[in-house]
1. Against the definition (over 27 Å from the mean Cα position of the chain (by Cα) and over 18 Å from Val295 (Cβ atoms)), how does Glu12 come out, yes or no?
2. Are there any pairs with C-beta distances below 7 angstrom linking a residue in region 173-188 that is closer than 20 Å to Val250 by Cα and of a type outside the set (Gly, Ala, Ser) to a residue that is open to solvent by 50 Å² or more (accessible area, probe 1.4 Å) and modelled with pLDDT of 95 or more, with the two at least 6 apart or on different chains, and if so which?
3. Sort through Phe286, Phe277 and tell me the only one that's within 16 Å of the ligand (Cβ to nearest atom), surrounded by fewer than 21 Cβ atoms within 10 Å (Cβ to Cβ), of a type outside the set (A, V, I, L, M) and not in a helix (DSSP H, G or I).
4. How many residues are charged (D, E, K, R), touching a helix residue (DSSP H, G or I) at 6+ places or on another chain (Cβ under 8 Å) and surrounded by fewer than 19 Cβ atoms within 10 Å (Cβ to Cβ) if we restrict to region 369-401?
5. If we keep just the residues of region 204-226 that are within 16 Å of the ligand (Cβ to nearest atom) and in contact with a Ser or Thr (Cβ under 9 Å, 6 or more places away or on another chain), which is farthest from Ile375 (Cα to Cα)?
6. Could you say whether any residue in region 86-101 is surrounded by 15 or more Cβ atoms within 10 Å (Cβ to Cβ), of a type outside the set (Lys, Arg), within 16 Å of the ligand (Cβ to nearest atom) and under 15 Å from Phe286 (Cβ atoms)?
7. Would you pick out the residues in region 228-268 that are away from the ligand (no atom under 15 Å from the Cβ) and either part of a strand (DSSP E or B) or among the acidic types (Asp, Glu) (or both)?
8. When residues of region 366-401 are filtered for being farther than 23 Å from Phe54 by Cα and assigned to a loop (DSSP other than H, G, I, E, B), how many remain?
Amino acid sequence: MTATDDLIAAAEAHSAHTYHPLPVVVASADGAWMTDVEGRRYLDLLAGYSALNFGHGNRRLVEAAKAQLERVTLTSRAFHHDRFAAFCEQLAELCGMEMVLPMNTGAEAVETAVKTARKWGYRVKGVPSEMAKIVVVGGNFHGRTTTIISFSTDPEARADYGPYTPGFEIVPYGDLTAMRQALTENTVAVLIEPIQGEAGVLVPPAGYLPAVRELTRERNVLFVADEIQSGLGRTGRTFACEHEGVVPDVYVLGKALGGGIVPVSAVVSSADVLGVFRPGEHGSTFGGNPLACAVALEVIAMLRSGEYQARAAELGERLHRQLAELTGTGRVTQVRGRGLWAGVDVHPRYGTGRDISEKLMDRRVLVKDTHGSTIRIAPPLVIEEEDLDWGVAQLRAVLGL
Ligand SMILES: Cc1ncc(COP(=O)(O)O)c(C=O)c1O
């Protein structure tokens, strides 16, 4: 038995089997590389589902965290602390919005957005009590809470968790007619990922998001963009919505906002929308804590420079150019994505996404499969060009090219 086998057996014996991880046990990481307990190095092409946009052990972020660790880490929101105002002000500014409601995980931020939209619906739009409806799209992934899985279309995510939360209507992604028909006078929000990450990096048809924006504006419905995975540099812009010139009413952010160090999420919107809350109506012990704010402030400063967005755009072009060559071979049936983010559908003849991921792992490249024969490529934005090229070369080799 190797150390890897021992650790995996112990993890399987003592943890609920909600995941099926690749058989690698990571011990340390730096930039785009991870090292396992046997000393083998792997190129990370997943980046913690975009939580590690700035790479493992990013010095600026680690220094910000260390400095804050020595000062104060938690106050709860019962008291003010000296990093909170700057965090809220600067995050709102980055988003072109006015107010921030901080939470911790992505799912909590989505829950918060759902509560925000309902409260806004009753207190501002004038929807009759208990009648608020939120429209979502098929194939969505917004997290794992009971309410969120209530409007999932993934049977695995939903099965045996009922009774489900009512108040949601699901329409097909990209179908404008269905969206138009779903909006009623009681609709308070459309909740949408501008690019669906977990579904396989699905980019909606051009013009769809602007049309939904127009519709929601006409009908006095909030456009809530879940940019938890697509936002903060991944697509070559700060937000994926920007590619289509869309400004939502509400951004839901998470993952990279915590720099891969601490969970930090937030709902960001106008004073009209977030102004609906009064003390005691929502909260979180850890949301907006000093350590989270200190790390997120550094993330915001890094994004303000535009450097990471530019890098994602440039390296993304390089990645997509190389992946496009694979589609010509017939071994890859489709490649989707934007910036440094790709969903690659491998022809099923060459294996499932899991098979491909395992073969890539043997070649020291770590990716995550999703649905059937799709793999996702989302390296840290700090990856070196030659490492990216090498990673794609390993995929070519796995496909027998
Ligand atoms: C678009 C989107 N929303 C929400 C979530 C949930 O985030 P968390 O896992 O931090 O709860 C995810 C996670 O993958 C996501 O991709």
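1. Values: over 27 Å from the mean Cα position of the chain (by Cα): no; over 18 Å from Val295 (Cβ atoms): yes.
For Glu12, the condition - over 27 Å from the mean Cα position of the chain (by Cα) and over 18 Å from Val295 (Cβ atoms) - is not met.
2. Tyr173/Leu202; Leu183/Arg219; Asn186/Met131; Thr187/Arg219; Val188/Arg118
3. Working: Phe277 fails: within 16 Å of the ligand (Cβ to nearest atom).
When all the criteria are applied, what remains is Phe286.
4. Here is the first cut: in region 369-401, the residues charged (D, E, K, R) are 369, 376, 384-387, 389, 396.
Cutting the leftovers down to touching a helix residue (DSSP H, G or I) at 6+ places or on another chain (Cβ under 8 Å) gives us 369, 385, 389, 396.
Okay, now just the ones that are also surrounded by fewer than 19 Cβ atoms within 10 Å (Cβ to Cβ), so 385, 389, 396.
Of the residues in region 369-401, 3 are charged (D, E, K, R), touching a helix residue (DSSP H, G or I) at 6+ places or on another chain (Cβ under 8 Å) and surrounded by fewer than 19 Cβ atoms within 10 Å (Cβ to Cβ).
5. Of the residues in region 204-226, the ones within 16 Å of the ligand (Cβ to nearest atom) are 204, 209, 223-226.
Filter once more, keeping what is in contact with a Ser or Thr (Cβ under 9 Å, 6 or more places away or on another chain): 223-224.
Numbers: Phe223: 29, Val224: 27 Å.
Filtering first and then ranking leaves Phe223.
6. Yes: one or more hits.
7. Within region 228-268, Glu242, Glu244, Asp249 qualify.
8. Final tally of qualifying residues: 6.
The values are calculated or read from the model by the stated rules, or taken from the named source; none is laboratory data. Please read all numbers here as calculations on a predicted model, not as lab measurements. All Cβ positions, glycine included, derive from the backbone under ideal geometry; neighbour counts span all protein chains shown. Calculation scope for accessible area: heavy atoms of the full protein, side chains included, ligands and nucleic acids excluded. Shrake-Rupley method; radii C 1.70, N 1.55, O 1.52, S 1.80 Å.
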